[in-house]
Amino acid sequence: MSRNAWIALVAALGVATAAVAGALLAKGSPESTPQQRVLTARRSAGGFSLPLARSSSSLALAKHEGNLLVGIAARPGGPVEVAALRAEKPLATDELRIEVGDRNVNAEPCGRGCSRVEAPVLNGSPVRVSVSAGSSRLSFVLPARLPAAGDEVFARAEHTMSRLHSFRFTERLSSGAETVTTKLEVQAPNRLRLRTSSGFRSVIIGRNRWDYAGGRWEHVPFPGLDVAGLLMWSRAKHPRIVARGRHGLTELAAFGLRPVPAWFRVAINPSGRVVEAEMIAASHFMVHRYSDFNGGVSITPPVRG
């Protein structure tokens, strides 16, 4: 696959990663970098099942420890489905220990990397569900009732964010080992400037991209940029209101299948602006923190030389 094809693929999840990964691919960097491991995860994405997460009557949550991802989907009265992956490898039911409250429960396979347990969750009392794989143990406290649907809050946030003239955000991206931090400035409709914690810099304007390498700016082709596509959480489905915090913040939890299966948590302020979003997918753990809404960002082509 060509470099531009890879860029087009990864741009769907994060332009910062796209630019960095594109540069690494062009230079023939080894697959041991965090960005390359993210690309590997995307090539194998979709390698697990979680049927209940697609239901509008379920609650979907996820956590990770290192490169272990555990995601669940629960329906009032049960069941609870669990997807567990170590890096990109789905874990079979017999590799897990699942507890509901203080007791171990028997699980049945429900697809690749999917385990199902019968438990009276979201049915009047809070319940802790814990999943152990090897020495790792991740726990979820399910509320007494299915949280209220957050579709209206989510739609307002998507509408508000997509109509901003400019904003800044910081991206923290990990495959479960090293972490890459990127600072990005965005100007509608198609301009972006970024700098990673490793020193990589790039400017994107429409179908043009400039990367800073070897003390000078290099112009390279780019498939195109629409800043609305930077909202990595925008394709999530069936959001639920899981918390209301200080300063009027509303926190949503959701699951989505595009561009890869992933769990999302999104914090939205009273004006409808997203201040933080988290995405958890196989070997792809990303947090965005947004700021400086309509703060006068101006992005122009860099001075080459």
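Structure notes:
- Protein accessible area in segment 122-200, 1.4 Å probe - carbon and sulfur %: 48 percent
- Segment 205-252: trypsin sites (Lys or Arg not before Pro) in DSSP coil with no more than 12 other Cβ atoms inside 10 Å: ARG207
- Relative to the Cα centre, the charge distribution of segment 199-275, modelled as +1 at Lys and Arg Cβ and -1 at Asp and Glu Cβ, gives a dipole magnitude of about 260 debye.
- Anisotropy class of segment 35-183 from Cα gyration tensor, a/c 1.5 cut: oblate
- Under the simplified labelling scheme, the HIS159-HIS219 pair shows an inter-label distance of 4.1 nm, with each label point 7 Å from Cα along Cα→Cβ.
- Extension gain, ARG207 to THR181: 0.36 nm times the residue separation minus the Cα-Cα distance gives 6.9 nm.
- Using Cβ point charges alone (K and R +1, D and E -1), the dipole size of segment 40-190 about the Cα centre works out to roughly 180 debye.
- Projected onto their three principal axes, the Cα atoms of segment 225-290 cover extents of 32, 26, 19 Å, largest first.
- Counting every C-alpha pair in segment 156-301, the share spaced more than 25 angstrom apart comes to 31%.
- For segment 52-61, putting each phi into the Karplus relation 6.51 cos²θ - 1.76 cosθ + 1.60 with θ = phi - 60° gives couplings of 5, 5, 7, 7, 6, 9, 10, 10, 10, 9 Hz, in residue order, rounded to whole numbers and with x for Gly and Pro.
- Averaged over residues, the count of other Cβ atoms within 10 Å places the peptides 275-281, 292-298, 75-81 in the sequence 275-281, 75-81, 292-298, highest first.
- Across segment 129-136, rounded Karplus estimates of 3J(HN,Hα) from the backbone phi angles (6.51 cos²θ - 1.76 cosθ + 1.60, θ = phi - 60°) give 10, 10, 10, 10, 9, x, 8, 8 Hz, Gly and Pro being marked x.
The values are calculated or read from the model by the stated rules, or taken from the named source; none is laboratory data. Predicted model only: the values in this text are computed from it and were never measured. Methodologically, a virtual Cβ is constructed for each residue, glycine included, from the backbone with ideal geometry; neighbour enumeration extends over all protein chains shown. When the accessible area is computed, the model is the full protein with side chains, heavy atoms only, and any ligands, DNA or RNA have been set aside. Shrake-Rupley method; radii C 1.70, N 1.55, O 1.52, S 1.80 Å.
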